[in-house]
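Heads up: the structure comes next, in structure tokens.
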Amino acid sequence: MAFVTEKHLDDCKDTYALSPSIKKFTLKDNTFIQTKAGSYEFKRILEEVPNSGRGFLLKIIINSDLTGFKMAITDLSGLRNVNIFKNANSIIQEKFYFQMNALVDRGIFITK
């Protein structure tokens, strides 16, 4: 998957784009981990029941020059994309929107 400037997940109500004011230290302050390739990676498990080990993985990768990103929601193995908005599981959807709204509030993403 190539880096993109904006991303709309299937059936999601928002389209996300990188904020023009994004900074590397902001990524580190928000638990993005810098990889050996220099990109910044963020992973969160979206679980219906906390600490159950069952849910979906939100994975965001931002390239090293902060001009593009990848975002996907997958099964826990990270191999298969999942559409959490198609089913009626509102708890997982709420957790996704809560996490993304926090990243928007901190100046990492903007919504369109």
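Measure nothing fancy, just the Cα-based angle from helix 90-105's long axis to the longest principal axis of the chain, in degrees from 0 to 90, nearest 10. Helix 90-105 sits roughly 10 degrees off the main axis of the chain. Taking the centroid of alpha carbons for each part, the stretch 21-45 and the stretch 78-111 are 17 Å apart. In summary, the aspartates and glutamates within cross-link reach of K23, defined as a Cα separation below 20 angstrom excluding same-chain residues under 8 places away, comprise E6, E41, D65, D105.
Among A17, A72, A102, the residue with the largest mean-square fluctuation in a Gaussian network model of the chain, with springs joining Cα atoms closer than 10 Å, is A102.
Taking the Cα centre of the stretch 6-111 as the origin and placing charges on Cβ (Lys, Arg +1; Asp, Glu -1), which of T35, L66, L9 is farthest toward the positive end of the dipole? Projecting each Cα onto the dipole axis, the largest value belongs to T35. When the listed pairs K13/K36; K7/K36; K36/K86 are checked against a 31 Å cut-off, the alpha-carbon distance exceeds it for K13/K36; K36/K86. Which of the GluC sites (Glu not before Pro) across the stretch 1-71 are loop residues per DSSP, with 16 or fewer other Cβ within 10 Å? Hits after loop and neighbour filter: E48.
Computed from the coordinates by the stated procedures, all read-outs in this text should not be read as laboratory data. As the structure is a prediction and not an experimental result, all values here were calculated from the model. When we count neighbours, we look across all protein chains shown, and the Cβ atoms used for this are built from the backbone with ideal geometry, even at glycine.
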